[in-house]
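Throughout, read-outs are computed from the coordinates displayed, never taken from laboratory work. From a predicted model like this one, the values you see are computed outputs, not experimental measurements. Using ideal geometry, Cβ is built from the backbone for each residue, glycine included, and neighbour counts are taken over all protein chains shown.
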Amino acid sequence: MFVLTLDQIGEDDALRVGAKALRLAQLARAGLPVPPGFCVTTAAYRAFLTANGLDAGTTDPDTLAEAEMPPEVVEAVREAYRAIPAAVRSSATAEDLPEASFAGQYDTFLNVVGLENLLTAIRACWVGLWNERARAYATRHGLNPDRVEMAVIVQQQVPAEAAGVIFTLNPLTGKEEEMMVEAVWGLGEPLVAGRAEPDRYVVNPYDRAVLRRELADPPMMLITANEGGVQEAPVPADRRGYPVLDEAQLLELAELGYRVQAFYGYPQDVEWALADGRFFVLQARPLTAFQFDPELGQWTSANYREVLPGFASPLSLSISLEREYGRALATLFRDLKMGEAPPGTIWGRPFFGRGYWNVGLVKRFAAVIPGFKERTFDATVGIEPTYEGDGLTTPWTPRTILRALPVLFALNKRYTTCWQEAAAFAEHFRHEEEPAIAAVDPAALSDAELTDWVHRMFDLHGQANHVSITVTLLATQAQDDFELTLSHLNQRLPPEEEPIAYGDLITGLGDVRTAKPTLELWALARQACEEPEVAAAVVKGEPEGIPRRLQATPAGRAFWAEVEAFIRRYRYMSTVDEDLAVPRWDEDPSFVLVTLQAYARAIGRDGITPPQNPAQQLSTQREAAQAAETRALAALSRGWRRLWPFARRSFRQQLERVRRYVWWREEMRVVASMAFYHCRRFFLELGRRWATAGLLREPDEIFLLRWEQIEAALEGRSGPEEIRQAIERYLRLRTAYRNFEPPGVIGRGARIATPEPTGGRRLEGIPCSSGRASGPVRVVRSLEEARALREGEILVAPYTNPGWTPLFNLAAGLVIEAGGLLSHGAVVAREYGIPTVVGVEGATRLLRTGQVVTVDGTAGAVKVIG
């Protein structure tokens, strides 16, 4: 078809109408105020080229402008046109992509009157596709301009009294709760074209507040002319010196901007117009360029992307990130004589509903230690450097050594005591505290008793997390120390020798508790495959039906009892165990059933046990670690080094230290997860009672409140209205940013542009677990997508945590967006010898399920080969 009205455009019509027209059609269907109109499709554009024997890629634009429009296209436009003033805009098939907005690259014609003028404007839009500016822009963004086609939008002209742009995320500060409005009198074209200075307003739509105003007071404006087209006119005297929009209008416009962003789930750049007291949406495109306040410092979601990924619950963020993480950091730095943070220092906070920590401040404290390299630090936590060289460094000099001596002595002492404290805490919790808590039924408590237990769980959460975070911080420092030693050793190896990989040394740890569920679930799957009736019940049909199918036979019932015992044993696990809002395995065993079925299918395929057998892998990795250590010690025994036994002893001590702390990091992760499990039980019971009392709509809404909001309600300092307002504000923010992928670093070093693979064939990240593996990609963002994972595929995921690790056993290789060398996924991947690259920014977007890739876990590269 040559013409489609906006209400005829469907979701599959992007290549027929272009992104701009498709988005306007989507917004119109969603009930937003979009001026009525139609789209001249790319079919009409192709017919125009064919009828005139033209090749748009090589034909001179002047020749295109003189070519005749086919009669059938003219007739289609005539039938759709209603002889009213129209705005005519281009809608190219590459326009308004998230990576490139193409804003200002193509043509717009306003107040077009009459069919002949309309046809001329349409032809001009087609010709505009081939202007050098637009072609160069497409090329810069990796698009082939010869493959782009042009549709044209024709809409009723809005006789704007005022117009402008609303950025639903403040592009100058990156503050998610701020919108920036730009407004001029009359039509908005001079503003869009950069020829007019607008009023600027900053509005908070979540708290309904106008924060700032900057008035421009221009003398001229653009208006529609009676005979068609536009003309400049003086701004009426009664408008001079006044804001273009008053407070009520700004709040109304901000709400309109919110509705547009809420529809798409990520920030928008919206052109609007005001006529007869109504606001209209003229265009909407993804906001692709913004910056952060330079005073913000540097924040990162590294590490937190795996423990609290995506939109974490406000309760978990307020406890784990904002309270406990900061306390652990401040305490450790004080214990290590590294200094005191100023009062009120913020160590962790959410941006866009995601958890971030103050990495800039942490680096300043860490740089007290000689040998500190920012690049090494960034690699450890999973930050992609944006600077040249090693960044911030602290050299080994007499002055830095003298200044750091108290720190180094305190650090060595803390290395000795911290893991012992962790062991004591874990022993006490497992054998005394956890059984006592497990014996308490929250539903049987009185309201007063439940309130007391909620506070006790809050304290327990803090105690467990404090130990876990402290162990993690020392593990990071131990790794940095060891990597420096290993780097010096590798630099002195003969050129013909391969460098000794960090991952080969920090593997084969043995008895890593986060790896145990994989071993046990694999054993259950093998057991199932030994009994035909049990195997059939597990392998055939949907995973949710496994319990029902197993109940049909005695052998099945006996096997299901063992699966239930497994679920009880690991009841505290979930896909996101640090988020109290996420159900645990004993509440929702779907993940266990999906993985059990996948294991059984892999084992039973052709009657052959695949190489991913976890027990064999653990044994192999222990041997690999021993071989790597032997090789390193041999290198330290060559030549003049054999006269310096201290080097070998120091190497062994550092290696043992980092291995111990990596092991204890995983151990404390499990202890913390068990504590979080019980916290969830008591908070959920509080949610049930508040829902019964009408304070909440659902029990799970308790997790949408911050701890201080819950505490205020428990103490009678707030009531139902405050609770409802807090929940609704959070839900609005989550809706607005649900599809937004904020940068891993915010502030200094932030990468705002969407990453693109080099030549579309290679991605790079942090080498994590050595080896190479090739196979088809399986992008997994959720449990539903995990169902499709097959043995031998390359698992590509946004993050991993202990709850995900059973999936690793099916994968030939791992590509993870988040994380560093110490991430939980990295540790378990090394234990199983699975080639892994972490810190691959944008991997789940840049790689597609079905592509064939090679994962090089030694070099930290992912190459697309098919």
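For the residue pair E232 and T386, what label-to-label distance in nm results when each label sits 7 Å from Cα along the Cα-to-beta-carbon direction? Going from the E232 label point to the T386 one covers 3.9 nm. Across region 666-675, coupling constants 3J(HN,Hα) worked out from phi with the 6.51/-1.76/1.60 Karplus curve, θ = phi - 60°, read 5, 4, 5, 4, 5, 4, 4, 4, 5, 5 Hz, and Gly and Pro carry x. With Rh defined as the Kirkwood radius, the inverse of the mean 1/r over Cα pairs, the Rg/Rh of region 162-286 is 0.96.
If you put +1 on each Lys and Arg Cβ and -1 on each Asp and Glu Cβ, how big is the dipole of the chain around its Cα centre, in Debye rounded to 20?
Details: 93 positive and 112 negative charges, 629 e Å.
Value, rounded to 20: 3020 debye.
In this structure the amide hydrogen of T5, modeled in the peptide plane, comes within under 5 Å of the amide hydrogens of C39, none closer than 5 places in sequence on its chain.
Note on L731 and R717: the extension gain reaches 2.8 nm, defined as 0.36 nm multiplied by sequence separation minus the Cα-Cα distance. For region 663-747, run through the GluC sites (Glu not before Pro) and keep only the ones in DSSP coil with at most 10 other Cβ atoms within 10 Å of their Cβ. Answer in residue order: E715.
Under 5 Å between amide hydrogens, built in the peptide plane, is the criterion, and for G186 it picks out A162, A163 among residues at least 5 positions away or on other chains.
For GluC sites (Glu not before Pro), the sites in region 443-501 that DSSP calls loop and that have at most 16 other Cβ atoms within 10 Å are E496, E497.
Cross-link partners of K363 among lysines, defined as those whose alpha carbon lies under 27 angstrom from its own and excluding same-chain residues fewer than eight positions apart: K175, K337, K373, K413. With semi-axes defined as the square roots of five times the eigenvalues of the C-alpha gyration tensor, the equivalent ellipsoid of region 383-443 measures 43, 20, 7 Å, largest first. Of all lysines in the structure, those lying under 27 Å Cα to Cα from K540, and not within fewer than 8 positions of it along the same chain, are K516. Computed over the Cα atoms of region 452-510, the ratio of the radius of gyration to the Kirkwood radius (Rg/Rh) comes to 1.31.
Once both labels are positioned 7 Å from their Cα atoms along Cα-to-Cβ, the gap between K516 and R147 label points is 5.2 nm. A straight chain from A859 to L493 at 0.36 nm per residue would run longer than the Cα-Cα distance by 130.0 nm. Each pair of Cα atoms in the chain enters the Kirkwood radius, and Stokes-Einstein at 4 °C and 1.567 mPa s then converts it into a translational diffusion coefficient of 43 µm²/s.
From the Kirkwood radius over Cα pairs of region 762-864, Stokes-Einstein at 37 °C and 0.692 mPa s returns a whole-number translational diffusion coefficient of 261 µm²/s.
Let me know the longest stretch in the chain that avoids all chymotrypsin sites (Phe, Trp or Tyr not before Pro) found in a DSSP loop with at most 13 other C-beta atoms within 10 Å. The partial results should precede the final answer.
On the way: sites that count: Y387, W396.
After excluding every exposed loop site, the longest remaining stretch is 397-866.
Here the Karplus relation 6.51 cos²θ - 1.76 cosθ + 1.60, evaluated at θ = phi - 60°, turns the backbone of region 724-731 into coupling constants of 5, 4, 5, 5, 5, 4, 4, 5 Hz, with x for every Gly and Pro. Between the residues L593, N303, Y661, the greatest Cα displacement towards the positive end of the dipole of the chain, with unit charges on the Cβ of Lys, Arg, Asp and Glu, is found for Y661. Computed from the C-beta positions of N52 and A289, the FRET efficiency with R₀ = 30 Å rounds to 0.20. Take the Cα of E252, go 7 Å toward its beta carbon, and the backbone nitrogen atoms of region 157-181 under 18 Å from that spot belong to 158-166, 181.
Rounding to the nearest 20 debye, state how big the charge dipole of region 516-625 is about its Cα centre with +1 on each Lys and Arg Cβ and -1 on each Asp and Glu Cβ.
Details: 13 positive and 16 negative charges, 51 e Å.
Roughly 240 debye for region 516-625.
Scalar couplings 3J(HN,Hα) for region 182-194, obtained by applying the Karplus form with A = 6.51, B = -1.76, C = 1.60 to θ = phi - 60°, are 10, 9, 10, 6, x, 6, x, 4, x, 5, 4, 7, x Hz; x denotes Gly and Pro. Cα centroid distance between region 426-468 and region 777-851, in Å? Spelled out, the Cα-based centre of one part sits 33 Å from the other.
Of all alpha-carbon pairs in region 190-230, indicate the percentage at a distance above 16 angstrom. Tail fraction, whole percent: 56.
Within region 224-319, the proportion of Cα pairs with more than 17 Å between them is 74 percent.
Put a dot 7 Å past the Cα of D700, heading toward its Cβ, do the same for R375, and the two dots end up 4.6 nm apart.
In percent, what relative contact order does region 162-286 have, based on Cα pairs under 8 Å that are 6 or more apart in sequence? Show your work: numbers first, answer last.
Details: 249 pairs, mean separation 32.5, N = 125.
Relative contact order of region 162-286: 26 percent.
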